[in-house]
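*Asks:* Got a structure for you, written out below as structure tokens; questions coming shortly.
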Amino acid sequence: EAAVTQSPRNKVTVTGGNVTLSCRQTNSHNYMYWYRQDTGHGLRLIHYSYGAGNLQIGDVPDGYKATRTTQEDFFLLLELASPSQTSLYFCASSDAGGAQAEQFFGPGTRLTVL
Amino acid sequence: GDSVTQTEGQVALSEEDFLTIHCNYSASGYPTLFWYVQYPGEGPQLLFRASRDKEKGSSRGFEATYDKGTTSFHLRKASVQESDSAVYYCAQHTGYQNFYFGKGTSLTVIP
């Protein structure tokens with residue numbers, strides 16, 4: 001069974017603050033993703049990676065950086081957080097980038113920017 | 001561009017009602033289509049997928065048939081239960097592009 005964990009589960013910061021969201025997967029998956037989930041928008045892809053050291057831009061990357069340090073670990077960085085980044089963030093992993101690939105999601109991190 | 005459009009907002013049904021959530025896709029290639037379900041407090045999880053025209057995906061009494069002609073993958077269940085209350089996402093993936101998720105449909109089943 002796929003296992004994706006995220007930390008922290010909840011985070012409150014202030015405008016201009018620096019935030020790092022962490023994601024770890026223990027499935028030996030190559031692909032990892034960061035999404036944000038907002039009412040009325042569903043899931044939107046921020047960044048993804050197909051291996052350590054690789055980074056690809058998603059659909060809503062502005063204001064976010066990401067880094068994939070190992071096959072297991074993928075981080076999302078908000079260096080100057082803004083209230084518009086208040087959201088529920090999900091990390092996911094998949095075995096491959098092929099069309100059949102199932103994504104396995106973590107439990108989410110709720111971020112509030114005051 | 002590539003996208004997914006599904007029944008938006010909230011759907012409220014009584015137990016044993018018939019469920020349909022509409023999903024239509026726009027893709028430059030030949031996508032695999034997915035239905036994901038998200039229960040409260042959890043991340044989305046795969047319900048099922050289909051990758052060929054006329055292929056039916058199914059799980060837990062839910063089903064959908066890939067229709068390339070109408071670019072649709074509508075989710076149906078003959079008799080919903082309270083435990084089916086969740087958010088449902090339709091998604092597509094062509095293998096060389098991002099996954100595209102619909103905006104989600106929140107289903108509430110009233111006992």
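The values are calculated or read from the model by the stated rules, or taken from the named source; none is laboratory data. Just so it is clear, the structure is predicted and the values come from calculations on it, not from any experiment. Backbone-built Cβ (ideal geometry, glycine too); neighbour counts: all protein chains shown.
Per-residue answers, yes or no, for (1) outside any strand (DSSP E or B); (2) modelled with pLDDT of 95 or more; (3) of a type in the set (S, T, N, Q); (4) at negative phi:
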{"position": "A:Gln6", "(1), (2), (3), (4)": "no, yes, yes, yes"}
{"position": "A:Lys11", "(1), (2), (3), (4)": "no, yes, no, yes"}
{"position": "A:Thr20", "(1), (2), (3), (4)": "no, yes, yes, yes"}
{"position": "A:His29", "(1), (2), (3), (4)": "yes, no, no, yes"}
{"position": "A:Thr70", "(1), (2), (3), (4)": "yes, yes, yes, yes"}
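*Asks:* Collect the residues in region B:78-111 that are facing chain A (nearest Cβ under 8 Å), modelled with pLDDT of 95 or more and exposed (fewer than 15 other Cβ atoms within 10 Å of the Cβ), keeping them in residue-number order.
*Replies:* Correct list: empty.
*Asks:* Looking at A:Arg44, is it touching a helix residue (DSSP H, G or I) at 6+ places or on another chain (Cβ under 9 Å) and within 29 Å of B:Phe48 (Cβ to Cβ)? Step through it out loud before you land on a result.
*Replies:* Values: touching a helix residue (DSSP H, G or I) at 6+ places or on another chain (Cβ under 9 Å): no; within 29 Å of B:Phe48 (Cβ to Cβ): yes.
Answer is no for this residue.
*Asks:* Looking only at region B:80-98, which residues are hydrophobic (A, V, I, L, M, F, W, C) and under 14 Å from the mean Cα position of the chain (by Cα)? Explain how you work it out, then say what you get.
*Replies:* Applying the first criterion (hydrophobic (A, V, I, L, M, F, W, C)) to region B:80-98 yields B:80, B:86-87, B:90-91.
B:Ala86, B:Val87, B:Cys90, B:Ala91, listed by residue number.
*Asks:* For region B:50-74, what are the residues that are more than 11 Å from the chain's Cα centre (by Cα) and within 14 Å of B:Tyr88 (Cβ to Cβ)?
*Replies:* Selection gives B:Ser59, B:Arg60, B:Gly61.
*Asks:* Run B:Asp17 past the list (1) in contact (Cβ under 8 Å) with a residue 60 or more places away in the chain; (2) surrounded by 13 or more Cβ atoms within 10 Å (Cβ to Cβ); (3) part of a strand (DSSP E or B) and report the number of the one that doesn't hold.
*Replies:* Evaluating B:Asp17 over (1) in contact (Cβ under 8 Å) with a residue 60 or more places away in the chain; (2) surrounded by 13 or more Cβ atoms within 10 Å (Cβ to Cβ); (3) part of a strand (DSSP E or B) leaves (3) as the failure.
*Asks:* For residues in region B:38-77 being touching a Pro at 6+ places or on another chain (Cβ under 7 Å) and crowded, with 19+ Cβ neighbours inside 10 Å, which is nearest to the other protein chains (Cβ to nearest Cβ)? Break it down stepwise before answering.
*Replies:* Residues of region B:38-77 that are touching a Pro at 6+ places or on another chain (Cβ under 7 Å), as a first pass: B:38, B:42-43.
Cutting the leftovers down to crowded, with 19+ Cβ neighbours inside 10 Å gives us B:38, B:43.
Numbers: B:Gln38: 8, B:Gly43: 3 Å.
In this case the residue turns out to be B:Gly43.
*Asks:* Taking interchain pairs and intrachain pairs at least six residues apart, which have beta carbon atoms under 7 angstrom, with the first residue in region A:22-34 and crowded, with 24+ Cβ neighbours inside 10 Å and the second basic (Lys, Arg)?
*Replies:* Partner pairs satisfying both residue conditions: A:Met32/A:Arg68.
*Asks:* Among the residues that make up region A:105-114, is at least one of them under 23 Å from B:Ser106 (Cβ atoms), among the hydroxyl-bearing types (Ser, Thr, Tyr) and out of contact with any Leu (no Cβ under 8 Å at 6 or more places or on another chain)?
*Replies:* Our first condition is that a residue be under 23 Å from B:Ser106 (Cβ atoms); within region A:105-114, this holds for A:105-112.
Those still in the list that are among the hydroxyl-bearing types (Ser, Thr, Tyr) too: A:109, A:112.
Now drop any that are not out of contact with any Leu (no Cβ under 8 Å at 6 or more places or on another chain), which leaves A:112.
Yes, the conditions are met somewhere in region A:105-114.
*Asks:* Moving to a separate point now. Step by step: first the residues of region A:39-54, then only those that are small (Gly, Ala, Ser) and part of a loop (DSSP other than H, G, I, E, B), then the one that is farthest from the chain's Cα centre (by Cα). Which residue is that? Talk me through it step by step, then tell me what you get.
*Replies:* As a first pass, look at region A:39-54 and keep what is small (Gly, Ala, Ser): A:40, A:42, A:49, A:51-53.
Filter once more, keeping what is part of a loop (DSSP other than H, G, I, E, B): A:40, A:51-53.
Details: A:Gly40: 19, A:Gly51: 14, A:Ala52: 15, A:Gly53: 15 Å.
Ranking the candidates gives A:Gly40 first.
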